[in-house]
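**Student:** One structure coming up, written as structure tokens, with questions to follow.
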Amino acid sequence: MKTLANKIKKELLKKGATHVIIATKENASDQIKFSNNRISIATNWSSSDLSIFIAVKNKLASTSLKQFDKKTISSTVNNLIKIAKLSKQNKDFIDIAKGPFKYKEIKDTYDKRIAQINKVKIVEDSISEAIKNNANRTSGILESSTMSILLTTSSDVEAQAKATSIHLSIRALKNKFASGHLTSTSRVLSKFKYLEPAKEAAIIADSSQNPKPGPPGTYDIIFQPLAFANLLSLVGEASSVFSVEAGLSFLKNKLNKKIASKEVTFLDDPTIPNGIGSNKFDAEGHPSQKTTLIENGILKTYLHNTSTSLRYKTKNTANAGIIAPEAFNLILQKSSWKAEEMIKEIKKGLIITNVWYTRFKDYSTGEFSTIPRDGIFLIENGKIKHPINGIRISTSLPNILNNIYAIGNNPSQIISWETNTPTTTPEVLVKNVTVTRPIE
């Protein structure tokens, strides 16, 4: 693939391209789905992909290849040059990262044992752990992958990395109205803890029996990591300068201004060991780096690639996406609060363990609604009273960020159905959150 990528790059430059980025990925994946306490589907597959981005000055084109015969490659090169030359000028594009670079290795991002481990046993043990803790049924998915990545560009970049990951999502059910859901995600087997989430999901399900309808009102809410990661991932998306320019961010014109509680320090860090999004380099080959987005409640920067940093005359945060800068690993810095201490602070509140169908009413103001699911628990005068159901959270991301009162001391790394960017967060106590009833 390396030889092929360099051959294509040379041919594109010969035919008139001024900038070329070629990325290849070779991937082997496994997936096991289970429901009603039994494995329902087990599949595995492998793939090889080659993606090409070119600029002819500031006219852009991109494509990807899955077939690598001479005829397909020749046709692709010729067509890509034609498409770029016929395209409108993109005044936002200026340049790509100029190498050569040296890259620092990141610990705990590759473990060859992930391809070899008995994944059926992991699923069966997870189901057994949930049943042992009073769940009646379980469902979920176990996924793993082993990947080799190569990046070569016209600006003297040659970068390579190997990556592995394993992810369990398990939902435990006591009955139709009582469920719990947790995940576990890791790059290496030694840090993959799958029995704990199976147990905790079952405990949440068992505690959620006989829920009462939740009354609308204003509540102080403890968001557990699976729920809060969903909201933080949206803050990460809004931090991209692309979202700001597209009118899809509540952070427009907020640089160096207070946008959150002083308790909040929020990072993007692709260099952390065992981070699902950790990588030595971004999509242009620029060495990855830690970026503080929010420090003590103050917005410090947007996410930039080479072109956007040049246009804004600011530092490149090494977050390419060629067109749209994007985060790698979002991290809310932990504090010293324990879960039981947060509960004691609350006179009228809720514990939210999970959310779904998070949708924006207005991206520019951050107004959204989301539906809590699985275990939801009412708190009164510092004590958990009983489970509830049938509520919707209707608020805005600025309100969430500015009303963060306490941040926990036990973070979890989350990816889930609606949390596509890996996000690490502890439990978080947010004051004065509006709760409504869904439209029947």
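**Student:** In µm²/s, what is D for the chain at 37 °C and 0.692 mPa s, where D = kT/(6 pi eta Rh) by Stokes-Einstein and Rh is the Kirkwood radius from Cα pairs?
**Tutor:** D = 141 µm²/s.
**Student:** List the lysines whose Cα lies under 18 Å from the Cα of Lys338, skipping any in the same chain that are fewer than 8 positions away.
**Tutor:** Lys347, Lys383, Lys431
**Student:** Which angle from 0 to 90°, rounded to the nearest 10, does the C-alpha axis of helix 70-86 make with the longest principal axis of the chain?
**Tutor:** 90
**Student:** On C-alpha positions alone, give me the angle between the axis of helix 119-132 and the longest principal axis of the chain, in degrees, nearest 10.
**Tutor:** Here the helix axis deviates by roughly 20 degrees.
**Student:** Can you give me the % of accessible surface on the range 26-143 that is carbon or sulfur? Probe 1.4 Å, all protein chains present, nothing else counted.
**Tutor:** Within the range 26-143, the accessible surface is 48 percent carbon and sulfur.
**Student:** Could I ask something else about it? Using packing as a proxy for protection, rank 140-147, 187-194 so that the peptide with the highest average count of other Cβ atoms within 10 Å comes first.
**Tutor:** The packing order, highest mean first, is 140-147, 187-194.
**Student:** Provide the percentage of antiparallel DSSP beta bridges, counting only those with both residues in the chain; round to the nearest 5.
**Tutor:** Around 90 percent antiparallel, to the nearest 5.
**Student:** Further, regarding this structure: For the range 102-193, treating each Cα as an identical point scatterer without solvent, what Debye log10 I(q)/I(0) comes out at q = 0.14, 0.18, 0.25, 0.26 1/Å?
**Tutor:** -0.62, -0.84, -1.22, -1.27
**Student:** Still on this structure: Counting only residues 5 or more places away or on other chains, whose amide H sits under 5 Å from the amide H of Asp111 once H atoms are built in the peptide plane?
**Tutor:** Result for Asp111 returns Thr164.
**Student:** Whose amide H sits under 5 Å from the amide H of Val433, counting only residues 5 or more places off or on another chain, with H placed in the peptide plane?
**Tutor:** Amide H to amide H, under 5 Å and 5 or more residues apart or across chains, Val433 pairs with Tyr219, Asp220, Ile221.
**Student:** Specify the angular offset, from 0 to 90 degrees and rounded to the nearest 10, of the alpha carbon long axis of helix 195-207 from the longest principal axis of the alpha carbons in the chain.
**Tutor:** Rounded to the nearest ten degrees, it is 40.
**Student:** Still on this structure: Cross-link candidates for Lys280: which lysines have Cα within less than 17 Å, leaving aside residues fewer than 8 places away along the same chain?
**Tutor:** Within the straight-line limit of under 17 Å, Lys280 reaches these lysines: Lys25, Lys98, Lys102, Lys104, Lys107, Lys162, Lys290.
**Student:** If I take R0 = 45 Å and measure r between the Cβ atoms of Ala246 and Asn44 in this structure, what FRET efficiency does the formula 1/(1 + (r/R0)^6) give, to the nearest 0.05?
**Tutor:** Approximately 0.75, to the nearest 0.05.
**Student:** Oh, and also: Provide the per-residue ³J(HN,Hα) series for the range 213-223, in order, calculated from phi with Karplus coefficients 6.51, -1.76, 1.60 and θ = phi - 60°, each as a whole number of Hz, with x at glycine and proline positions.
**Tutor:** x, x, x, x, x, 10, 10, 8, 10, 8, 8
**Student:** A further question on this structure: Placing unit charges on C-beta atoms (Lys and Arg positive, Asp and Glu negative, everything else neutral), compute the dipole magnitude of the range 17-84 about its Cα centre in debye, rounded to 20.
**Tutor:** Value, rounded to 20: 240 debye.
**Student:** Let me ask something else about it. What list of ³J(HN,Hα) couplings, whole Hz, do you get for the range 54-60 from phi and the Karplus terms 6.51, -1.76, 1.60, once you set θ to phi - 60° and write x for glycine and proline?
**Tutor:** Values, residue by residue: 9, 10, 10, 6, 10, 9, 10 Hz.
**Student:** Starting with the highest mean, order 18-28, 420-430 by the number of other Cβ atoms within 10 Å, averaged over the residues of each peptide. Provide the component values of the computation, followed by the final result.
**Tutor:** Working: 18-28: 19.4, 420-430: 24.1.
Packing order, densest peptide first, comes out as 420-430, 18-28.
**Student:** Right, next: Order these peptides, 49-60, 212-223, 32-43, by their mean beta-carbon neighbour count within 10 angstrom, highest first.
**Tutor:** Numbers: 49-60: 19.8, 212-223: 18.0, 32-43: 13.9.
Ranking, from highest mean packing down: 49-60, 212-223, 32-43.
**Student:** Can you give the convex hull volume per residue for the Cα atoms of the range 244-377, as a whole number of Å³?
**Tutor:** 152
**Student:** Give, rounded to the nearest 20 debye, the magnitude of the charge dipole that the range 186-234 has about its Cα centre when Lys and Arg contribute +1 at Cβ and Asp and Glu contribute -1 at Cβ.
**Tutor:** Numbers: 5 positive and 4 negative charges, 46 e Å.
So the dipole magnitude of the range 186-234 works out to roughly 220 debye.
The values are calculated or read from the model by the stated rules, or taken from the named source; none is laboratory data. None of these values were measured; they are calculated from a predicted model. No Cβ is skipped: glycine too gets one built from the backbone with ideal geometry, and neighbour counts run over all protein chains shown. These area figures cover heavy atoms from the full protein model, side chains too; ligands, DNA and RNA do not enter into them. Shrake-Rupley method; radii C 1.70, N 1.55, O 1.52, S 1.80 Å.
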